[in-house]
1. How far apart, in nm, are the 7 Å Cα→Cβ label points at B:LYS464 and B:SER282?
2. List the residues of the stretch A:253-277 that lose 40 Å² or more of accessible area once all protein chains are present, compared with their chain alone (1.4 Å probe, heavy atoms only, no ligands or nucleic acids).
3. Taking the simple approach of a point 7 Å from Cα along Cα-to-Cβ for both A:SER286 and A:GLU177, what is their distance in nm?
4. Please give the net charge around A:ILE183, taking every other residue with its beta carbon less than 11 angstrom from that of A:ILE183, where Lys and Arg add +1 and Asp and Glu add -1.
5. What is the local net charge at B:LEU318, summed over the other residues whose Cβ is closer than 14 Å to its Cβ (Lys, Arg +1; Asp, Glu -1)?
6. Taking the Cβ-Cβ separation of B:GLU124 and B:GLU522 as r and a Förster radius of 51 Å, what is the calculated FRET efficiency to the nearest 0.05?
7. Roughly how far apart, in whole Å, are the Cα centres of the stretch A:92-156 and the stretch B:165-217?
8. Computing the accessible area with a 1.4 Å probe over protein heavy atoms, can you report the carbon and sulfur percentage for the stretch A:2-251?
Amino acid sequence: MAGIYIHIPFCIKKCAYCDFNSYPDIRDMSYSFGKAVISEIKNSPYKNKRIDTVYIGGGTPTCIDENILIDILAAVRESFDVADSAEITVECNPGTADFKKLLALRRAGIDRLSIGCQSADDMLLKKIGRIHTFEDFTNCFFDARRAGFENISVDLMFGLPGQTSGIWRDTLRKITEIGPEHISAYSLKIEEGTPFFEMKSRGKLSVPDDDANREMYDTAVELLNDRGYCRYEISNFSKAGFESLHNLIYWTLGEYIGFGAGAHSFAGGRRFSNPLGVSDYIEFVSSGGRAEDGAERESETDLMCEFMFLGLRLDRGVSEREFKKRFGKDMRGVFKKPLEKHLNVTRALETDGDNIKIRPEYTYVSNLIMSDFIL
Amino acid sequence: MHSRDNIRNFSIIAHVDHGKSTLADRLLELTGALTQREMQEQILDNMELERERGITIKARAVRLIYKAKDGSEYYLNLIDTPGHVDFNYEVSRSLAACEGAVLVVDAAQGIEAQTLANTYLAFEHDLEIVPVINKIDLPGARPDEVKQEIEDIIGIDGENAPLISAKNGINIEEVLEKIVELIPPPEGDEDAPLKALIFDSYYDAYKGVIVYVRVMDGSLRPGQRIKMMATGSEFDVVDVGYLLSNGMLSADEISAGEVAFITASIKSVQDVKVGDTVTTASKGASEALPGYKEVKSMVYSGIYPADGARYDDLRDALEKLKLNDAALNFEAETSIALGFGFRCGFLGLLHMEIIQERLEREFNLDLVTTAPSVEYKVIKTDGTVLSVDNPTNMPEPSEIDYMEEPIVRAAILTPKEYVGSIMELCQGRRGSYIDMEYLDTNRVQLNYMMPLNEIIYDFFDALKSRTRGYASFDYEFEKYQKSELVKLDMLLNGEPVDALSFIVHKERAYPRGRKMAEKLKEVIPRQLFEVPIQAAVGGKIIARETVKAMRKDVLAKCYGGDISRKRKLLEKQKEGKKRMRQVGSVEVPQEAFMSVLKLDE
């Protein structure tokens, strides 16, 4: 499987926790940005590659003229061999996409929508700097349904300042009642350079401690499971058959080609990324720059490590057969020490047929395990 | 061959930092033994570590030629002595090779514990003491008071002591004049059978062991066969001669009164024991010189490579160090927690630290060391006596009749305002008070009998912090004494960790076990599961702490496939784990094994 990622670095307003590559107030640059992306796609050295997933993320892709997105998608189809059954996702925030816009996107062949809801509590939404209310979200969700989206994912956050387990449980209940096909539940991480980071370092922000955070996570896993959403990755839950194919590419060392500002790629054994800033990116593309130039091929050891620490994020774990097929080596030999340690001594890993996976109770401390797989 | 009247054999004695090495350098410089360029390095303290710590570990000797004001030329043999209590025996042998000693006293700090200890040693050998007051140009200098101290405390005339600055080269010549004037020339019978005192040795890859001796009686030439009187080993002499600052000067013969070297293709320093007497194999002396002692380790500790694969490197390194350090003992041992390593015996704590640091620096080894232990005597119910320096080897309580532990006589010099605080400290360490002497109006010497195993746990640190660094401390072995000792085991996740066990007095087991459990709780990071820490004596749990399970250590999603950020985080975490030891199912930081030393009691 291979995918394409397109990064749209625009939004209406930065959320208080956001350290993504996204800029408010320069949406007037979106047209020239779109042109640059199309030019980058058309000149891609990976042209005509078979593509199974396309993911348009941000920022907020829906905060710009939908025709830009539609044109970009058309360019992708023109330059690549996009499968008929391909999963094509666009990210969307409530308040930036009305029914008309959603319908246009759906008609352009986008079949999956990922909506950033984060919480069902309006007070919390305000506190973390979201521009919408929960009602805005439900309106957006049902508009999307009416526009024909049958595969919708909803992003939620926990561990938010002032969030109680009651509020979190309430959000989970409300969302599962609305019934998207896919739910991502992320713990808030306070990143340097964000307003939250500033507030925290001045002691003006208090978030639930690790114990409370863990409790919220466990609540999500349990409640979602009860309502038919299986966890398939640390933070991702879906109804049967609705796992995000695009994200699975990341976790299984599949190839992906990134277009747009700051987009990351993994292709031809190399990892590389585009310039972050919008103008820098446009300039880079127009001067014929190519991100893969100068990128070094990853060593086999690095790839094997990635195979492990990315694959172990998945509930199904890593396949020994797959490993052998890919590297021509035995996983049990290459990772003898960490496998013995965690299969036999700590027993944080278990085998399941051909697969080795993290026991569910250790998913939330998986760094302790994964770091042993760095060789 | 020189006229004995023109020879002076002397040492310099001082407290750490009072400027012994600097004075030695100045003497060398002034007698032309050193060029300015060579002066950049302190010749006598030629190990990097010694320079950094400002102490001399191994004795060295050098001959200086000085033309005195009386017009004659003198051969001054300077025998440098180690400045620390751990090396007391070596100091005593160096002093036995001399007729006099230059006593360096810091003009600001005055007389300290080691000044006194070394001066007493010099008195024991009937040495002529030449007092010198150093650092005279420092703002805090109080030469008149220090002169008075020398008279009051040591009981020698301090009035004519040269006031010098070794650092800035003030009045150095006066020191040389005093050496010539006050220190008597050596005596001895050139025609008597050879008696040469070994005061040091050095391993040279080409010549074998170079033996430093003071010839007391008789003479020696190359080709003669010599015998070490204590060990009985015999060798054919290859070369004899004198020790100069820039190397060795061969001679046809060395004779009574001289300080000299001998080489005889000796392969191991074990054959050359400091304090032993060298004589000729035929028609040798019937009686050895007095004072020889077998050097005994006082402190033991397990030394393990942090990376088990470097076990052989560690052994090679220890063997190399042992070439020049007869006091270092080691034998292979195995720990369940730490794998393959060595049980090492040291003269004392400083010696231990020096060896550990040299292993890490000079041989680039990463070490895990276990808490130091002393040597206990276990008298078993069947009457046999067992020496135990490793808690792991302690027999079952049912097999033990009783145990004995080493007791030292400790002397602490302190400004009087700290007396109460020091007494409290010593009593807390099971010390028994002997007496207290007023050295002058301000300072006292406190004498205690103390179990050595109480000193090897952070006693120095505790003493320093209680006296703001003003107290100084010295000790010597006194005796073995019956004591109620128990083995304290630490259990992690229910499993005893051998490398964390130690032997402790029964009364101290509970508080120490509790402290130890608390300390381990601090240093052991949260893990995948809850880790109980228990302290146990004879199977009975006396303290318990818990390291809670890690609740959250996870990476959120990777935005747009940015894997490298994730990777960096995991790499950092992995790097942190390198300082960890997997002990059973628990990851223990290597510092934990030394943490018993820092219990802040």
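The values are calculated or read from the model by the stated rules, or taken from the named source; none is laboratory data. Just so it is clear, the model here is predicted, and its values are computed rather than measured. Every residue, glycine among them, receives a Cβ derived from its backbone with ideal geometry; neighbour counts consider all protein chains shown. With ligands, DNA and RNA removed, areas are computed over all heavy atoms of the protein, side chains included. Shrake-Rupley method; radii C 1.70, N 1.55, O 1.52, S 1.80 Å.
1. 5.8 nm
2. Correct list: A:HIS264.
3. 5.2 nm
4. Net of charged neighbours comes to +1.
5. -4
6. Using R0 = 51 Å, I get an efficiency of 0.60.
7. 93 Å
8. 48 percent
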